[in-house]
Amino acid sequence: MTVSTSKSHPPGRPRNAALDDRILAATLRHLAEFGYSRMSIDAIAEEAGVSKPTLYRRWSGKADLATAALTLIRIAEPPPATGDTLEDLKMALRNFSKSLLRPNGMALIGTVLAEEEHTPDLLRLFRERLVTPRRAILREILRRGQDRGQIAAAADIEAAANLLVGSFYARYLEGQPIEEEWADRVATIVWTGLR
């Protein structure tokens with residue numbers, strides 16, 4: 001999966017998508033193994049078989065590269081639109097759960113949060129590339145539910161999105177398994193409260 005970044009690409013020879021994927025996969029491995037602070041651009045370039053200038057032509061710096069790689073753990077799907085708000089919420093949360101439960105998914109998120117004080121750009125890009133799109137999907141589902149009259153017009157959509165996503169982190173931190181039906185349970189509880 002090739003991930004676009006905010007950087008514009010100069011005219012000329014098109015980028016090699018396979019090379020981008022190789023660099024991002026190496027970055028993800030280094031993030032998981034060493035964390036952000038000990039992740040080395042030199043080591044990533046070496047593992048990917050590229051020069052540092054090749055890497056910097058694609059990503060502006062370490063934070064840009066790291067967050068581009070983190071988007072690989074996100075399973076991208078269009079927002080569900082079955083016409084049934086509860087079913088759409090379940091589908092979106094199942095997708096979110098699959099992304100989080102990929103190998104090192106939660107640990108990589110922790111790596112980003114641990115760097116907040118030292119590398120605020122990393123968290124900013126992480127929010128922009130992963131958090132904001134996920135929450136936008138949930139808010140859209142909930143707003144469509146309001147438009148169809150399946151959710152109360154006065155329902156707090158923002159709080160509902162926090163509850164839906166936050167339940168996964170709370171369960172993980174408590175040391176409880178996130179079973180397949182967890183997404184359905186959470187969606188049902190929140191949806192019931194919004195009606």
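Summary table below
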| quantity | calculated |
| --- | --- |
| Restricting segment 111-167 to trypsin sites (Lys or Arg not before Pro) in coil, as DSSP defines it, with at most 15 other Cβ within 10 Å | ARG148 |
| Accessible surface of VAL50 - all protein chains present, 1.4 Å probe, nearest 10 Å² | 30 |
| Angle in degrees between helix 17-38 and the longest Cα principal axis of the chain, rounded to the nearest 10 | 80 |
| Pairwise FRET efficiency - SER60 versus GLU117, Cβ, R0 = 30 Å, nearest 0.05 | 0.90 |
| Theoretical ellipticity at 222 nm over the chain - DSSP helices of four or more residues, -39500 (n - 2.57) apiece, nearest 500 | -20500 deg cm²/dmol |
| Segment 52-105 versus segment 165-190: alpha-carbon centroid distance in Å | 18 |
| Helix 182-194 vs. the chain, principal-axis angle (Cα, 0 to 90°, nearest 10) | 50 |
| Segment 85-195: relative contact order in percent, alpha carbon pairs under 8 Å with at least 6 residues between | 40 |
| Cα-based equivalent ellipsoid of segment 79-132: semi-axis lengths in Å, sorted from largest, via gyration tensor | 28, 13, 6 |
| Segment ARG171-GLU87, length gained on full extension (0.36 nm per residue, minus Cα span) | 28.1 nm |
| Between helix 132-147 and the chain: long-axis angle, C-alpha atoms, 0 to 90°, nearest 10 | 20 |
| Geometric extent, Cα atoms of segment 116-195 - Rg, Dmax (angstrom) | 14.7, 46 |
| Accessible surface of the chain, 1.4 Å probe, proportion on carbon and sulfur as whole % | 54 |
| Sparse-neighbourhood loop sites, GluC sites (Glu not before Pro) in segment 113-195 - DSSP loop, at most 13 other Cβ within 10 angstrom | GLU116, GLU117, GLU179, GLU180, GLU181 |
| Calculated P(r) over Cα pairs in 10 Å bins from 0, in percent (choose from (i) 9, 35, 38, 15, 3, 0; (ii) 9, 38, 42, 11, 0; (iii) 8, 32, 30, 20, 9, 1), label | (iii) |
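The values are calculated or read from the model by the stated rules, or taken from the named source; none is laboratory data. Since this is a predicted model, take the numbers as computed values, not measurements. Methodologically, a virtual Cβ is constructed for each residue, glycine included, from the backbone with ideal geometry; neighbour enumeration extends over all protein chains shown. The accessibility values were calculated without ligands, DNA or RNA, using every heavy atom of the protein model including side chains. Shrake-Rupley method; radii C 1.70, N 1.55, O 1.52, S 1.80 Å.
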